[in-house]
1. For region 2-112, what is the relative contact order in percent, using Cα pairs closer than 8 Å and at least 6 residues apart in sequence?
2. On full extension of the chain, what length is gained from Ala19 through Glu63, given 0.36 nm per residue of separation minus the C-alpha to C-alpha distance?
3. Exposure proxy check: Ser15, Ser105, Ser71 ranked by fewest other beta carbons within 10 Å?
4. His83 to His11: extension gain in nm, 0.36 nm per residue of separation minus the Cα-Cα distance?
5. Summing -39500 (n - 2.57) over the DSSP H runs of n ≥ 4 in the chain and dividing by its residue number, what mean residue ellipticity at 222 nm do you reach, to the nearest 500 deg cm²/dmol?
6. Which entry in (i) 127; (ii) 265; (iii) 97 matches volume of the Cα convex hull per residue in Å³ derived from the coordinates of this structure?
7. Taking the Cα centre of the chain as origin and charging only Cβ (+1 Lys, Arg; -1 Asp, Glu), how large is the dipole, in debye to the nearest 20?
8. Keeping to pairs on different chains or 8 or more places apart, tell me how many lysine pairs in the chain have Cα atoms under 24 Å apart.
Amino acid sequence: MKHIIAYIKPHKLPSVTLALHRIKNLTGMTRLNVDGCGRGMYIGEDHSTEQELCDYIPHIKLEIFCLDKLSEEVVSTLQEKAHTGLKGDGKIYISNVEDAIRISSDERGEKAV
């Protein structure tokens, strides 16, 4: 099982969501509104520390848990649909998941996803 975290621009959420819904056997995702900044934002610019602490940019954080066999399709869909070609398009992180438990039924492992 994989845990995929993606940070995308808010205006890309509808097209990303629609594309993810088209992936057969993908069970769902979680969406959070987040603010953040990249480390390269101020290279060569003269900003005070106070300004830097206030210049957060809104993003959407998506969390997806899926079967290993779906992970590449999920990642390629995220890459394609979240891409604008501009700085700050976002990031995708992929981690292995040891176990999962569905609270309502006590199912474990892949059955719980």
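Read the figures in this text as sums done on the coordinates, not as results from a lab. Remember, predicted model here, so these are calculated numbers, not experimental data. Cβ atoms come from the backbone with ideal geometry, glycine included; neighbour counts cover every protein chain shown.
1. Reported as a whole number, the value is 45 percent.
2. Here the answer is 14.3 nm.
3. Fewest to most other Cβ atoms nearby, the residues stand as Ser105, Ser15, Ser71.
4. Using 0.36 nm per residue and subtracting the Cα-Cα distance, I get 24.8 nm.
5. -8000 deg cm²/dmol
6. Working out volume of the Cα convex hull per residue in Å³ from the coordinates points to (i).
7. Computed charge dipole of the chain: roughly 560 debye.
8. Lysine pairs, 8 or more places apart or on different chains, close enough: 29.
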